[in-house]
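The values are calculated or read from the model by the stated rules, or taken from the named source; none is laboratory data. Keep in mind it's a predicted model, so treat the numbers as computed, not measured. Because the Cβ atoms are built from the backbone with ideal geometry, glycine has one as well, and the counts that use them run over all protein chains shown. Accessible surface areas use protein heavy atoms only, side chains included; no ligands, DNA or RNA. Shrake-Rupley method; radii C 1.70, N 1.55, O 1.52, S 1.80 Å.
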Amino acid sequence: MSQKARILPGQRIDLARPVGIGFIVVAMMPLVILPLASIFIYGFAKGPVHFWQALVAPAAIFSLKLSLITSTVATVCNVLFGLIAAYVMAKYNFKGESALTIIISLPTAIPTAVAGFALLLLWGRSGLLGQLLEKTDYQIMFTTSAIILANIFVTFPLAFGVIKPALDNLETSFEDAAETMGASRWQTFRFVLLPSLRGAIITGALLTFARSIGEFGSTIMVSGNLALKTQTAPLYIFAKFNEGDVEGANAIAAVLALISFAIFSLILFTRKRLEK
Amino acid sequence: MAREMTALLNESQSFLETKTEGWEALRVTGLSKVFGEERVLDDVTFSIAEGESLVLLGHSGSGKSTTLRLIAGLEVPDNGEIFLKGRSIGHLRARERNVGVIFQHYALFPRMTVAENIAFGLRIRKVKKKDRLKVVDELLSMIGLGDQRDKYPAQLSGGQQQRVAIARALAYKPDVMLFDESFSALDPQTRVGLRREIRALLRRLRIPSLFITHDQDEAMELGDRIAILNRGRIEQLSTPDEVYNNPQTEYVATFLGAANVIEARWSDGLIALDCERRLAASVPAHSINDEKMKIVFRPEDVSLGQPTGLVETPYHLGRGEVLDVTFTGASETLMIRLLSSRRPGDTGSECNMVIKVLRNKWDARRLMLKQGDKVSVGLKSYKILEG
Ligand SMILES: Nc1ncnc2c1ncn2[C@@H]1O[C@H](COP(=O)(O)OP(=O)(O)OP(=O)(O)O)[C@@H](O)[C@H]1O
Ligand SMILES: [Mg+2]
């Protein structure tokens, strides 16, 4: 790499190099870097005290908490599902296995607004399952459960997608060895497979969490967007901005951005450690 | 390693030394297995005595691993029975059979240390931690890896990994040890050293073992007896000496070492080869003329002499011409084309029987030969295969 790029004395200066790098930076400025930077620049424009006040407003704190809780629940559900589905599909061969894999992966391809709308159709008052709920006191739409359902739906294949290849790459001889040594299926899974999948599980969980904490399109359809009730952090940003409260929107936006950076670094970190 | 080994042999009574000799440890009868359309194993029967080692030798795809997996319970047979220590285990799950398996790539658990790997079988058997540590320590010093206990498998060499795999299986005192091509992933030098060591260890511990290999040297060295598997059938099962010197089929003869196989038929109590060549029978003569058979002899069973004289061997093959000489140090290999002459001096060349001959250094020196030389060819011994 560096060998190729080094300019030796007497050699012609290769203009393509600085121009190429310059192009990347210039193109990214308005597209990626400046938008991100402005969140922090404007957030602190009126001083840290202002920023802090905007952050600790009850509705702001509530929205952050709600986002963290719903994303965590969705992450736990999807990691568990991904783990079980990957194990079953690695262990047994059955008809329709590839069809099932495609269906599991489908939710990422569906626009989030469509996903939210679909959930509304199912669980809403006149929906297929909603009608059944109508007779009870229990409601799903426009509650925390709806947000969790939406999160689960849009992040469904992420954990599975990371865990399945990791499991496929594990040699079956580990399981055979454990079995001949007297281990039950559960013991084999618990002591042999699970430790080897740790990295994939962590990466899958982080991806799922990152995706669900930022989810907007499906959440706004199913949550009802009620402040202090069903308003997640992204919805709070949108609502505050619409009200003209730019500082309020900005504070939460900065926090969400930081959370995303943190998760992103963690993913890079686990990848690196796994590669070792 | 050699020093460690002698230390091991002198070591006093170990926790593993509780086996008694004499009776049958493993018996397999009429084992058959079909995968899809393919009959992978066909009526395989053998037994291993307590303390004995049996080698299953065969080409790739002959069904060796399948046999092992059936015994271990990792695969279900279509037919046949398996007895371990006299009890039928065919209906038991793999984990209830108490067999030790050494897989080709060892299958050491990557996220467990060496010590944890070795202790795994005991942990599953709910052995107390204190007792586990004791066994692990004893095994680690036995395999000479006492200082590697906290390493992970990826940090060990292939040979070390294999020792750990063996220790891991020995830890829970299996009733039989099964090795699936366990030496093939090692470099040749480590391989030879390690298999001597393992063999000595298993002899000392008197653990019945089944080795699987496609390497004939390995089979000769590891096996008290060798079973040669061809397309799911056992072609011959006997001691290495018998299998090598008294092969029952052409497959066995050619699989174990180099062999010259020549088609022939009975003719008035003699054996008639192509090119009007006759050979005195090495067995009581067959009365039926023209019945087909084959004669088999090893390259080292051939003696070469001056073309004018007769070689001092029981059987005379006639004259030949040296096609090629390859010198390999301790010995030399020659390719000889047999000439179709019945009388000396008559040089017919339409005969195309080529045989391989192996001579030791001293025989080679006594009669130096080069390409194109004429020789007379004799056989010290040969085998007759019917059909
Ligand atoms: N699970 C399976 N499903 C279908 N066919 C199988 C299965 N296991 C083995 N076979 C087939 O059975 C035959 C024998 O396989 P086996 O693994 O026993 O051979 P082997 O003697 O161990 O060969 P190698 O020396 O290459 O390991 C092969 O043709 C293989 O394709
Ligand atoms: Mg095999």
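Dimensions of the stretch B:225-323 based on its C-alpha atoms, expressed as ranges along the principal axes with the largest first, amount to 47, 32, 23 Å. Within the shell of other residues whose beta carbon sits under 12 angstrom from the beta carbon of residue B:306, the net charge comes to +1, with Lys and Arg scored +1 and Asp and Glu -1. Quick check on the stretch A:195-246: take the gyration tensor over C-alpha atoms, sort the square-rooted eigenvalues as a ≥ b ≥ c, and tell me if it's rounded (a/c under 1.5), prolate or oblate. Note, shape of the stretch A:195-246 comes out prolate. If you bin all the Cα-Cα distances of the stretch B:81-123 at 10 Å, starting from zero, the percentages per bin are 23, 41, 27, 9. Applied to the stretch A:175-180, the Karplus parametrisation 6.51 cos²θ - 1.76 cosθ + 1.60 on θ = phi - 60° returns per-residue 3J(HN,Hα) values of 5, 4, 4, 4, 5, 5 Hz, with x for Gly and Pro.
In square angstrom and rounded to 100, what buried accessible area do you get between chains A and B, total over both, with the probe at 1.4 Å? Please list the in-between numbers first.
Numbers: alone 16790 and 19020 Å², together 33960 Å².
For chain A against chain B, roughly 1800 Å² becomes buried.
Annotation: Cα Rg of the stretch B:98-245 relative to the compact-globule expectation 2.2 N^0.38 Å equals 1.09.
Would you mind telling me the antiparallel percentage of the DSSP bridges in the protein assembly as shown, rounded to 5? Percentage antiparallel, nearest 5: 75. Each pair of Cα atoms in the protein assembly as shown enters the Kirkwood radius, and Stokes-Einstein at 37 °C and 0.692 mPa s then converts it into a translational diffusion coefficient of 102 µm²/s. Taken over the stretch A:143-267, the percentage of Cα pairs per 5 Å bin, counting from 0 up to the bin with the maximum distance, is 2, 10, 15, 15, 14, 11, 9, 7, 6, 4, 3, 2, 1, 0. When you restrict to C-alpha pairs under 8 Å that are six or more residues apart and normalise by the size of the stretch B:152-298, the relative contact order lands at 14 percent. A straight chain from residue A:190 to residue A:134 at 0.36 nm per residue would run longer than the Cα-Cα distance by 16.0 nm.
From the Kirkwood radius over Cα pairs of the stretch B:23-138, Stokes-Einstein at 10 °C and 1.306 mPa s returns a whole-number translational diffusion coefficient of 99 µm²/s.
Report the Stokes-Einstein translational diffusion coefficient (µm² s⁻¹, integer) for chain B, Rh taken as the Kirkwood radius over Cα pairs, at 25 °C with viscosity 0.890 mPa s. Numbers along the way, then the final one.
Numbers: Rh = 23.8 Å.
Translational diffusion coefficient: 103 µm²/s.
Dipole check for chain B: with +1 at the C-beta of Lys and Arg, -1 at the C-beta of Asp and Glu, and the Cα centre as origin, the magnitude is about 1400 Debye. Using the Cβ-Cβ distance between residue A:113 and residue B:126 with R0 set to 45 Å, the FRET efficiency from 1/(1 + (r/R0)^6) comes to roughly 0.25.
Only protein chains counted, 1.4 angstrom probe. Which residues of the stretch B:99-126 are at least 30 Å² less accessible in the assembly than when their chain is isolated? Buried by the other chains: B:103, B:107, B:109, B:110, B:111, B:120, B:123, B:124. Annotation: per residue accessible area for the protein assembly as shown equals 51 Å², rounded to a whole number [probe 1.4 Å, protein chains only]. Modelled label positions at residue B:367 and residue B:134, each set 7 Å beyond Cα in the direction of Cβ, lie 6.8 nm from each other. Counting protein heavy atoms only, chain A has 71 percent of its accessible area on carbon and sulfur, 1.4 angstrom probe. Sorted largest first, the principal axis extents computed over the alpha-carbon atoms of the stretch A:57-275 equal 65, 44, 28 Å.
If I take every Cα pair under 8 Å that is 6 or more residues apart in the stretch B:61-110, average their sequence separation and divide by the length, what percent do I get for the relative contact order?
Values: 26 pairs, mean separation 14.2, N = 50.
For the stretch B:61-110, the relative contact order is 28 percent.
One chain, two ends: residue B:327 and residue B:200. Fully extended at 0.36 nm per residue, the span grows by 42.3 nm beyond their Cα-Cα distance. What residues of the stretch A:159-183 lie in the reach of a label at residue B:104, counting those whose backbone N is under 16 Å from a point 7 Å from the Cα along Cα→Cβ? The answer is A:171-177.
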